[in-house]
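This report refers to the structure that appears directly beneath it.
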Amino acid sequence: MRILFITSTRIGDAVLSTALLDHLSRRYPDARITIACGPAAVDVFARMPGRERTIAVAKRRWSLHWPLLWAQVAPHWWDLVVDLRGSAMGWMVPARRRAVMRGGRRSGHRMGHIAETLGLTAADIAPVAWWDAADAVRGAALLPGHGPLLALGPTANWDRKIWPAEHFVATARALTAADGPLPGARIAVMGGPGAMERALAAAVLDGLPGAVDLVGRLSLPEAAAVLRGASLYLGNDSGLMHLAAAAGAPTLGLFGMSPAEEYAPFGPHAAAVVADGPAGHAPMENLPVDRVIAAAERLLAAPVPA
């Protein structure tokens, strides 16, 4: 069986789409799956079982990326085409069966919108993260010591989604203090590659001189392996936040200028905390440190799902 799976350009949405891929892989264990996604999201799928090929779809002027993708996939006959972009591509490729996401806004979490593409509900599926033994070894080599790990994600793709650096520093200090829920825990600051990500994380690293700097030092599979071992991930609404939840880390997402009801970290050990103000339009400065600490403590005290 051959499956063409067209998914997002963004890492966060691509991570959420792994829920459908995991469902398809379990339903059709011998399937050969081709994934089309944005260049930034390619590594989300690098270790996926059953992946035959990944096609990086880089945006081009006049939407020429779509004809270029069509030229690569149209010569093949597909048993199933899943198009989470809701594009015409899902209807233009030879296929026995098609599942094309309906456009428009939906109420509720994005996972429900993704699930209904295959006639499922959000309760039927969950995002996953894939890594191998070498990724785990590489990630562990960058983390000195042993014991609990607090992972921080202080970056995002939009500056208005970023919680102030001094708030991250104060929260990390409180959580790892002798009387905190993670006394003496190691702290790792995580982020993507590039000068912008490094600049966004710089103030947090400066305020936590003992923290491990992992900004731009990990591939996405390596980051997933590190996050799997984290006692808590605390971060802005970003692809890394969704990867943390998919990897199984207790994940607390920070929201204000993006809708938590739609993009909160998804999973049985994940939660969101929201700034004061209009839903989806609240300044991140309106999210107080004590509220985040209290939410982290509740999440850490909750039973870990089996």
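As an exercise: evaluate residue 113 against (1) assigned to a loop (DSSP other than H, G, I, E, B); (2) closer than 20 Å to residue 272 by Cβ; (3) without any contact (Cβ under 8 Å) to a residue 24 or more places away in the chain and give the number of the one condition it does not meet.
All conditions are met except number (1).
Among (1) under 26 Å from residue 124 (Cα atoms); (2) among the polar types (S, T, N, Q); (3) surrounded by fewer than 21 Cβ atoms within 10 Å (Cβ to Cβ), where does residue 258 come up short?
Of (1) under 26 Å from residue 124 (Cα atoms); (2) among the polar types (S, T, N, Q); (3) surrounded by fewer than 21 Cβ atoms within 10 Å (Cβ to Cβ), only one is false for residue 258: (3).
Pull up the range 15-45, narrow it to residues that are over 18 Å from residue 248 (Cβ atoms), small (Gly, Ala, Ser) and outside any strand (DSSP E or B), then point me to the one that is nearest to the chain's Cα centre (by Cα).
In this case the residue turns out to be 41.
When residue 86 is evaluated against the numbered criteria (1) among the small types (Gly, Ala, Ser); (2) open to solvent by less than 60 Å² (accessible area, probe 1.4 Å); (3) at negative phi, which criterion, by number, is the only one it fails?
Status for residue 86: all satisfied but (3).
Going residue by residue through the range 10-22, is there one that turns out to be closer than 21 Å to residue 153 by Cα, out of contact with any Pro (no Cβ under 6 Å at 6 or more places or on another chain), in contact (Cβ under 8 Å) with a residue 40 or more places away in the chain and surrounded by fewer than 19 Cβ atoms within 10 Å (Cβ to Cβ)?
Within the range 10-22, one or more residues are closer than 21 Å to residue 153 by Cα, out of contact with any Pro (no Cβ under 6 Å at 6 or more places or on another chain), in contact (Cβ under 8 Å) with a residue 40 or more places away in the chain and surrounded by fewer than 19 Cβ atoms within 10 Å (Cβ to Cβ).
Could you tell me how many of the residues in the range 118-139 are open to solvent by 60 Å² or more (accessible area, probe 1.4 Å), over 23 Å from residue 80 (Cα atoms), part of a helix (DSSP H, G or I) and touching a residue at least 60 places away in the same chain (Cβ under 8 Å)?
Adding up the residues that qualify gives 1.
Can we say residue 238 is touching a residue at least 60 places away in the same chain (Cβ under 8 Å) and within 19 Å of residue 16 (Cβ to Cβ)?
Answer is yes for this residue.
Out of the residues in the range 167-207 that are in contact with a strand residue (DSSP E or B) (Cβ under 7 Å, 6 or more places away or on another chain), of a type in the set (A, V, I, L, M, F, W, C) and free of Cβ contacts under 8 Å to residues at least 40 places away in the same chain, state the one that is nearest to residue 12 (Cα to Cα).
189
Farther than 26 Å from residue 44 by Cα, surrounded by 19 or more Cβ atoms within 10 Å (Cβ to Cβ) and touching a Gly at 6+ places or on another chain (Cβ under 8 Å), is that true of residue 284?
yes
With the requirement that a residue be open to solvent by 20 Å² or more (accessible area, probe 1.4 Å), more than 30 Å from residue 245 (Cα to Cα) and either charged (D, E, K, R) or touching a strand residue (DSSP E or B) at 6+ places or on another chain (Cβ under 6 Å) (or both), what does the range 89-117 give you?
Passing the criteria: 96, 97.
When you scan the range 41-77, how many residues do you find that are touching a residue at least 60 places away in the same chain (Cβ under 8 Å) and either open to solvent by 40 Å² or more (accessible area, probe 1.4 Å) or of a type outside the set (A, V, I, L, M, F, W, C) (or both)?
Result for the range 41-77: 5.
If residue 300 meets every condition in (1) part of a helix (DSSP H, G or I); (2) in contact with an Asp or Glu (Cβ under 7 Å, 6 or more places away or on another chain); (3) in contact (Cβ under 8 Å) with a residue 40 or more places away in the chain apart from one, which number is that one?
Going through the list (1) part of a helix (DSSP H, G or I); (2) in contact with an Asp or Glu (Cβ under 7 Å, 6 or more places away or on another chain); (3) in contact (Cβ under 8 Å) with a residue 40 or more places away in the chain, residue 300 breaks only (2).
Could you please find all residues in the range 96-121 being of a type in the set (Gly, Ala, Ser), touching a Gly at 6+ places or on another chain (Cβ under 8 Å) and modelled with pLDDT of 95 or more?
99
The values are calculated or read from the model by the stated rules, or taken from the named source; none is laboratory data. Values in this document were obtained by computation on a predicted structure and should not be read as measured data. No Cβ is skipped: glycine too gets one built from the backbone with ideal geometry, and neighbour counts run over all protein chains shown. Remember, those area values only see protein heavy atoms, side chains included, never the ligands or the DNA or RNA. Shrake-Rupley method; radii C 1.70, N 1.55, O 1.52, S 1.80 Å.
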